[in-house]
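The values are calculated or read from the model by the stated rules, or taken from the named source; none is laboratory data. Owing to the predicted nature of the structure, the values given are computational and were not obtained by experimental measurement. So basically every Cβ, Gly included, is an ideal-geometry build from the backbone, and we count neighbours across all protein chains shown. Ligands, DNA and RNA are stripped out before the accessible areas are found, and what is left, the full protein with its side chains, is counted by its heavy atoms. Shrake-Rupley method; radii C 1.70, N 1.55, O 1.52, S 1.80 Å.
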Amino acid sequence: MTLSEPAVYLSLIVFLPAIAALVLAIFPRLNDDALKLTTLAITIAVLVLSLGLFRQGAGIDFQAGVAEMQNTFNLEWIPSFGIQYFMGIDGISFPLVILTAFLSVLAMAASWPITKHVKAYCILFLLLETGMLGVFLALDFFLFYVLWEVMLLPMYFLIGVWGGPRREYAAIKFFLYTLLGSIGMLIAILMLYFNSDLTRLDAEQMVNAGIVKTTPGQSVEDALQAWTDSGSPLANDYADITAESDLAKRRPLHTFNILALQQMGQMENSPFDKEMWAGKSVQWWAFILLFIGFVIKVPSVPLHTWLPDAHVEAPTPISMILAGVLLKMGGYGIIRICYPICPDAAYDLAYCVCFVGVLSMVWGAFAALAQTDFKRMVAYSSVSHMGYVVLGLGVWSAVADTGYSPYYWQMGVNGAMFQMIAHGISSAGMFFLVGVVYDRVHHRNLNEYGGLFAKMPVYSGLAVGIFFAGLGLPGLCGFVGEVLVVLAVWRYSIVLAVISAAVVILTAGYILWAIQRVYLGAEYTGPHGENLTPITMRELLIAAPLLVLAIVLGVYPPSLLNYMQPSVDRQVERLAEWTERNHPPGTEGQALNDEGGHMAATRSD
Amino acid sequence: MNLSSVVDNLISDTLGSSLPLFCPELALCATIVLLLFVRIFRSGSAIPPFLLALGGAVAALWLALPQEGLASWTAIEPQEIFTKLLVYDSLSAYIRVFLLGFAVLFIVLSHLTGIADREDGQDYFVLVLGATLGMCIMASANHMLTIFLGIEMASVPSYVLAGIVKGRSRSSEAALKYAIYGAGAAGVMLYGISLLCGVLGSAHLPTMARELAALDIPNMIASGGDKRTLMVLALGGLMMGAGLAFKLSAVPFHFWCPDVFEGASAEVDAFLSVASKAAALALLLRVGFGLGHVPEDPQSIVADARAPVALAAVTTTSEPTLFQKQVVQVEVGEASGSPLSPVRRFFVILVAIISVVTCTFGNLAAYGQTNIKRMLAYSTIAHAGYMMMAVAAAVALIDGRGEQSQAAISALLLYLAVYLFMNLGAFAIIAFLRNSMQSEEIKDYAGLIRTCPMTAVMMTAVLVSLIGLPPLAGFWPKLRVLQSLYLAGGPLMMVLLVVAAVNTVISLIYYLRVAKTMCIDKPPDSRGPVTLGFLPAAYVFAVTLPVLLLGILPEECAKWADEAARHLFG
């Protein structure tokens, strides 16, 4: 039980906020400032812990350039249901964990204007943080699901109690949409679980799935043998089942292990290829359900309508968390779960995924143009920007025509991941900056602003910088992700590439127009003009780091890509290899419009 | 066999094997007698009835606990007791521990809320313990006679309990409605039982199952033979189902439920929604398995080899040889065309349809409610629907997939255990709040988080757990039910799966509305301070804490349920 054990360290990162929330709940009354300071201290502690992973050579660290899962640990949680307490980090989750911890600190600092029921606010905020961090670290599908749901209730109350005038409607809408998605996800989890079979993995795959631990110099077979004899409930089951030599009589050993499910999804004769309903396989239906669940969170058109309401009604810090972190969970789910576990379905539906992405980009951009509410405009810009993420993840360009080269797809997925981080920074910043003026003048009508540059010069400078980062100006973080995605799409579909490139013009349109209406102009003539005071030190300390990060990531993208790229590239390579195996040249036509499925569907009519 | 040997057998059966296994029920009987008699003596009435009842219930619970700890259900050998009227197996043992544990908690609750004051105490506790006794018999019934006896023993005290609050017209109305409805349902059920017993020539469930198997219904349907027998059987099954559905408050026999729940006191609602429902579900399971499954008892196969012979006679024209008999017996056990499969299909389809309607109707009807007890009444209707889905899955799976069928039973048992804490917690909070603010309207709960934060938080936890969201306890049983439905497979079960999932989303709104009222809305100015007092608050905390703990660490409880379900109906 030392801090250098992953089990202790990662659990501490995830559950420190929850424990603190419990202590705050029990603890006798503190005054409001003390509560806020304590909560801020906890979020800072979590940030320090997660930054501690950068410290190379320490007991526990995150090694850049390693593609595989690191710092995994695997403990029994509910053996009766086959659920494990299994976590780990790789290049895909690591940047998101850091982003979450970082934005939590900023959002808590931005919570100072909150004066209503501070204790409850702090407790819910900390519970929310536990859920967010847990989702990115969980590698057991069920643990993932539980933590995913953990966030719902705190978020509901954070919007419902501390939000704007229509907060209750917005909160329940958010809850309903997400719950609908996650119920579908639950069914998909059950489908995958009951079709999975751990005994089909070989020794090396068992090691890669984080089930079997190797010690240096030990062969994987020895490690598997040692694990089988170790006497843990799972190992005992495994030993019992594999003792049966007749393969036909073996009962399957189901698992929720995400890494193992990925291996199964990509193996020859995947257990998920079994036909389920209407001529489609298990993984096809699972993919549909999972994708809907995640895309609600992203959110993509047409399932995005909860987002503008939730964003507009939520208090500023919660909007920051919502845009900065919660939306990323959808993208994370697609890259971690949908694609690697259900590659066959993803291959069939790649164009649909890309189309959803492009549709969101265009729709979100046009909707943002039409808004007169400042916050609503930023909310729709999130829909548009997250469209790049879905598009980048979906460009399955590793097909026979390209010689199964994973190169452009890697570029797309890297771009999507980069866009997630960049959007986390820029959208959180935009929501915070909108909140700053809203706190002063208590309205968000774009047409009644103007002339803020004169009254709040420092603020306006920061704001223009961050809005440009959102616009995707070269040299700022938004540019890198967008350009990588658009370049990658070119190889996949020229039409989609042209449309997605054209969206940049719309983006520039609504952002520049907003800047013009809010910051430029001669004089502020709207209500409460006398309250427009320059920003405080606290506000500066929140906005400045965001702008600095936006510039650093824009000028030197490898500062992020170095950590992220190996894992992303590796995953895409595996999927490209899978494509080559399962869709060899010449079978393309059959694969693309799966005649068998259509035939079966028409016959049943 | 002369009379004296019959009597000797009876005595040795009763004293030797039956009564030792019946100790908890005997303890309940003794407590009831004691409670009634102690009033006769002047000094006896000084003893608070609460202490007597609590002592009796704790003693009964103690006797009901398995000797080697809660995880040793597997060690229980199923055996028929009292000349096969009752069956003692891990299911009856589990439900008995469940019911008696609930009785203990319930008696404490009744004392704390003051509903059982010194004057009425004896009557109240006698009724509670009497109903519990009836429920224990329901859970271990093995004979149509004990099924009916158990239902009536559980129901009649419940009718009185519903009207226990004297001088309130709503309460009396509820009791009367409940009694009339109950009497009607019991009459229909009795008629159904008599039809079934008449056709099958026995009232002993396993014998009835063997007789059903001997009737060879698949062949009867195929050859278009005796349609009248089939009609009578189906009619008897439906009528019996009506009686069970009444106890389960399943749609369309649910009309009593909201009225009774609104009229009766919150404590009694807790009793009806938890104990009564658990016993009814156990009974449904018993009937489903009793009639749809021939126990693999080597003696019974030897004694009653008519079924395989009949089948063999159809398949081969020659005289069945011993070898053929064996082959056919294997087929009877494994093939889907076994003689009891139509019975099972009938049962599964019936339960599945009723559960879908019950679940959906309960959730939809809960929307418009303004009274919290009425809303929770519809919520219990909906939850009965979820639990019946597990029963349907269990019976559908029994044919050749015993292990998965046991998983479905284990899902039901876990559901019951978690449901106990959720509903007892909710109704306890409602009862204490009623004592403090004289209202059971949802709108009067507005802003309770300001005045009694712990109660509001606990109630929110219970409500969210009733929705079935992780990480609260209500999620796990729902998951287990979904899992067993998935395992059962087939279009019907998939419909159930989707309906259950969609219903979870539907139920979100009305549960959350109560939580919203308590935590978000502004308290009315007119309301005075709302306080629970230390003991009630401690009770609420103790009862709802498991909802949080089981949500994070369900392993132990899940293991008990698994153990209790293992080796059942093997």
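When the Cα gyration tensor is reduced to axis lengths a ≥ b ≥ c, the ratio a/c is 1.5 or higher for region A:65-137, and with a/b not above b/c it is classed as oblate. With all protein chains in place and ligands, DNA and RNA left out, the 1.4 Å accessible area ranks A:Trp409, A:Trp77 as A:Trp77, A:Trp409, largest first. Magnitude of the charge dipole for the protein assembly as shown, about its Cα centre and with charges confined to Cβ atoms of Lys, Arg (+1) and Asp, Glu (-1), is about 3200 debye.
Rounded to the nearest 20, the Cβ-based charge dipole of region B:474-560 about its Cα centre (Lys and Arg +1, Asp and Glu -1) stands at 140 debye. From Cα pairs below 8 angstrom and at least 6 apart in sequence, can you work out the relative contact order of region A:355-605, rounded to a whole percent? Reported as a whole number, the value is 27 percent.
For region A:181-249, averaging the sequence separation of C-alpha pairs within contact (under 8 Å, six or more residues apart) and dividing by the residue count gives a relative contact order of 22 percent. Between amide H atoms placed 1.01 Å from N, distances below 5 Å from A:Ser281 occur with A:Met276, all of them 5 or more places distant or on a separate chain.
Each peptide among B:480-490, A:124-134 gets the average number of other Cβ atoms lying within 10 Å of its residues, and from highest to lowest they stand as A:124-134, B:480-490. Solvent-accessible surface (1.4 Å probe) assigned to A:Val8 amounts to roughly 30 Å².
A 1.4 Å probe run over region A:355-605, with the rest of the protein chains in place, finds 38 Å² accessible per residue. Residues whose amide H lies under 5 Å from that of B:Ile81, counting only those 5 or more places away or on a different chain, are B:Leu86, B:Val87, B:Tyr88; hydrogens are built 1.01 Å from N in the peptide plane.
Under 5 Å from the amide H of A:Gln70 lie the amide H atoms of A:Ile89, A:Asp90, each residue being 5 or more positions distant or on a separate chain, with H modelled from the backbone and absent for Pro and chain starts.
Accessible surface ranking for A:Phe467, A:Phe453, 1.4 angstrom probe, highest first: A:Phe453, A:Phe467.
Counting only other chain Cβ atoms within 10 Å of each residue's Cβ, the peptide B:546-553 averages 1. Just to confirm the number: angle between the C-alpha axis of helix B:49-64 and the first principal axis of chain B, 0 to 90 degrees, nearest 10? For helix B:49-64, the angle is close to 40 degrees. Calculated [222 nm] ellipticity per residue, helices only, for chain A: -21500 deg cm²/dmol; basis is -39500 (n - 2.57) per DSSP H run with n ≥ 4, divided by all residues, nearest 500. Ordered from largest to smallest accessible area (heavy atoms of protein chains, 1.4 Å probe), the residues B:Ile32, A:Ile159, A:Ile288 come out as A:Ile288, B:Ile32, A:Ile159.
Angle of helix B:306-315 to the longest C-alpha principal axis of chain B, folded into 0 to 90 degrees and rounded to 10: 60°. Evaluating 6.51 cos²θ - 1.76 cosθ + 1.60 at θ = phi - 60° for every residue in region B:433-441, the Karplus couplings come out as 5, 4, 4, 8, 10, 6, 8, 10, 8 Hz, glycine and proline recorded as x. Between A:Leu51 and A:Val555, the modelled label-to-label distance comes to 1.9 nm, taking each label 7 Å out from Cα in the direction of the beta carbon.
Taking all protein chains into account, the per residue accessible area for region B:372-424 stands at 14 Å² (1.4 Å probe).
Taken over chain A, the convex hull of the Cα atoms encloses 157 Å³ per residue. Separation of region B:511-570 from region B:358-430 is 16 Å, based on Cα centroids. Inter-chain Cβ neighbour count for B:505-512, averaged per residue, equals 4 (cutoff 10 Å, partner chain atoms only). In region A:355-605, the portion of solvent-accessible area held by carbon and sulfur atoms comes to 65 percent [1.4 Å probe, whole percent, DNA, RNA and ligands not counted].
Only one residue of A:Val568, A:Ala463, A:Val389 has its Cα farthest out toward the positive end of the dipole of region A:355-605, where Lys and Arg carry +1 and Asp and Glu -1 on Cβ, and that residue is A:Ala463. Across region A:355-605, Cα-Cα pairs more than 33 Å apart make up 30 percent of the total. For chain B, the longest principal axis of the alpha carbon atoms and the long axis of helix B:169-200 meet at an angle near 10°. Along the Cα→Cβ direction, 7 angstrom out, place labels at B:Cys29 and B:Ile353. What is the inter-label distance in nm? Calculated label separation equals 4.2 nm. Taking every protein chain into account, the 1.4 Å probe leaves A:Phe157 with about 20 Å² of accessible area, to the nearest ten.
Based on Cα contacts under 8 Å between residues 6+ apart, chain A shows a relative contact order of 14 percent. Here region A:1-124 has 69 percent of its accessible surface on carbon and sulfur atoms, given a 1.4 Å probe and all protein chains in place.
For region A:229-352, the equivalent ellipsoid built from the Cα gyration tensor has semi-axes of 37, 20, 10 Å, listed from largest to smallest. I need the shape label for region B:450-564. Rule: rounded when a/c is under 1.5, else prolate if a/b > b/c, else oblate, with a, b, c from the alpha carbon gyration tensor. Oblate is the answer for region B:450-564, as a/c is 1.5 or above yet b/c matches or exceeds a/b. Expressed in units of 2.2 N^0.38 Å, where N is the residue count, the Cα radius of gyration of the protein assembly as shown is 1.01. Here the dipole of chain B is about 1420 debye; that uses its Cα centre as origin and unit charges on the Cβ of Lys and Arg (positive) and Asp and Glu (negative).
A Förster radius of 45 Å combined with the Cβ-Cβ distance from B:Leu553 to A:Ala522 puts the calculated FRET efficiency at roughly 0.10.
Estimated at the nearest 10 Å², the accessible area of B:Leu54 is 40 Å² with a 1.4 Å probe. Computed from the C-beta positions of B:Ala234 and B:Asp525, the FRET efficiency with R₀ = 45 Å rounds to 0.15. Each residue of chain B gets 156 Å³ once the volume of the Cα convex hull is shared out per residue.
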